[in-house]
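The values are calculated or read from the model by the stated rules, or taken from the named source; none is laboratory data. All values derive from a computational prediction rather than experimental measurement. Don't worry about glycine lacking a Cβ; one is built from the backbone with ideal geometry, like all the others, and counts go over all protein chains shown. Heavy atoms of the whole protein, side chains included, go into the accessibility calculation; ligands, DNA and RNA do not. Shrake-Rupley method; radii C 1.70, N 1.55, O 1.52, S 1.80 Å.
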Amino acid sequence: MSKVTAEEQRILDEVERGFDDEVTFLQDLVRCPSVRGAEHTVQDYVFNALSRRGYDMDRWRVTEEDIKDHPGFSPIAVSYENAWVVVGTHRPKSTKGRSLIMNAHIDVVPPGPTDMWTHPPYDPVIRDGWMYGRGACDMKAGLAANIFALDAIKRAGFEPAATIHVQSVPEEESTGNGTLATSVRGYRADAAICPEPTRGQLTRANVGVVWFSVRVYGRPAHAREMQAGLNAIDAAYQVIAALRVLEEQLNVEAAQHPLFKDLVHPINLNIGQIEGGDWNSTVPASCTVHCRLSMLPGVPASELKRRIEQTISDFSRRTPGSGNTPPVIKWTGFSCEGFVLEPGSDAEKTLAAAHEAIHGSPLQEQVMPAYLDARVTILYDKIPTLVYGPGGRNIHSIDEAVELATIRQATKSIALFTARWCGLAPLKSS
């Protein structure tokens, strides 16, 4: 087992002493409903919190013009008026260690029907060792762990002996363009850590994701002579069925992938929204379905888009009546490829030793059948990026919750990893 030095133990003790403040900080974050388009309020809070800690601050709004030419850009379908990125940078008096990016997304998905929640989704109630609330687990707990790991190092009388960029980004849940904007702005480091809720496991790989909508057209008619029309909502069900066939083909292919072959149905098509028709007694003229489909790492987003287009084209050709006005596809968000974290990096070895010192057991790994912002730093910036964080339940669901004990453990692991990766220097008052 990895041994902890006396200096490192002081840091871990400070994580314990500061944990109540960390929990309070997380509650403050959860109280800010940072859904898409409303991230600015919580980013103001994060900016102020990092400023008070003495970091060199950078804040800017994501714009399409800045990032549209990057190969990792995802199409923008909403206003970015409030899509602000916040970065606080620690610069040591003398650089001796290796630099680090600490990345976390601040945006959350919509809460859904609030009357289904046991407590209001933005009321961070703590019960039986769990904190409930939208975003508590995914992934505001990870942002808190990053910040309070560094706080513990400072309170123990040290500073990291290398540059650290603490990033709080929007748009992870819909495009990945927030972290992409940090790359375009020039942020680089020798390693990165992203404390998504992995329950203390390292993420070895994840899938790519494409968002799209399909608008299906029918032929309106009065309900009394429904057979004279073509119901676009009924036709949309047929389009979904055709996409389900593609989904199953992709899962057959996933069964051959060495990292995904043991997962049950890792490639998922989600029909997230559907809208159609305008009157109960009128055969609907159009229906739009909004979809998310994933793909194996190594598959270009352009290839999945080609297969989606081919699926819809084949449906249109074989379905009577649909060829008069063929379905229209729009790419509406994610257009992101998956990644594989190659094993054996010094960063991974350092995290594995820190994890074992805290948990008393070897670091385990997992693959993630979901999108992760680490794809930016791994695929484009060639930075070994460690997706590793606390654990919870009901992510993107009702009564989302994070387990407080896992936040404590993750914060300790991140603090110990940072101390070893970046090195330590005595903290001298100015």
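Observations, loosely collected:
- Test: residue in segment 82-90 that is more than 19 Å from the chain's Cα centre (by Cα), open to solvent by 20 Å² or more (accessible area, probe 1.4 Å), touching a residue at least 12 places away in the same chain (Cβ under 8 Å) and under 18 Å from N146 (Cα atoms): yes
- When A49, A38, A77 are checked against the criterion of being closer than 25 Å to N177 by Cβ, of a type in the set (G, A, S), touching a residue at least 24 places away in the same chain (Cβ under 8 Å) and buried (at least 17 other Cβ atoms within 10 Å of the Cβ), a single residue qualifies: A49.
- Taken together, T175, T163, T198, T203 contain a single residue that is closer than 21 Å to V78 by Cβ and either crowded, with 24+ Cβ neighbours inside 10 Å or not aromatic (F, W, Y) (or both), which is T175.
- Scanning segment 118-160 for residues that are open to solvent by 20 Å² or more (accessible area, probe 1.4 Å) and farther than 30 Å from D190 by Cβ yields T118, H119, P120, Y122, D123, V125, I126, R127, D128, G129, W130, Y132.
- Segment 322-353: number of residues that are assigned to a loop (DSSP other than H, G, I, E, B) and either touching a Gly at 6+ places or on another chain (Cβ under 8 Å) or surrounded by 13 or more Cβ atoms within 10 Å (Cβ to Cβ) (or both): 7
- Flag if V239 is open to solvent by less than 10 Å² (accessible area, probe 1.4 Å) and either polar (S, T, N, Q) or part of a helix (DSSP H, G or I) (or both): yes
- If the condition is being assigned to a strand (DSSP E or B) and over 24 Å from V209 (Cβ atoms), then segment 253-287 contributes G276, T282, S286.
- Any hit, segment 259-270, residues being more than 27 Å from the chain's Cα centre (by Cα), open to solvent by less than 40 Å² (accessible area, probe 1.4 Å) and in contact (Cβ under 8 Å) with a residue 12 or more places away in the chain: no
- Test: T385 is buried (at least 19 other Cβ atoms within 10 Å of the Cβ), within 17 Å of the chain's Cα centre (by Cα) and of a type outside the set (G, A, S): yes
- Looking across segment 52-73, the residues that are open to solvent by 60 Å² or more (accessible area, probe 1.4 Å) and either under 15 Å from Y187 (Cα atoms) or in a helix (DSSP H, G or I) (or both) come down to R52, D56, R59, E64, E65, D66.
- Residues in segment 354-389 that are part of a loop (DSSP other than H, G, I, E, B) and within 10 Å of S413 (Cβ to Cβ): L363, Y388, G389.
- Exactly one residue among S302, S286, S281 is in contact with a helix residue (DSSP H, G or I) (Cβ under 8 Å, 6 or more places away or on another chain), farther than 25 Å from E365 by Cα and surrounded by fewer than 13 Cβ atoms within 10 Å (Cβ to Cβ), and that residue is S281.
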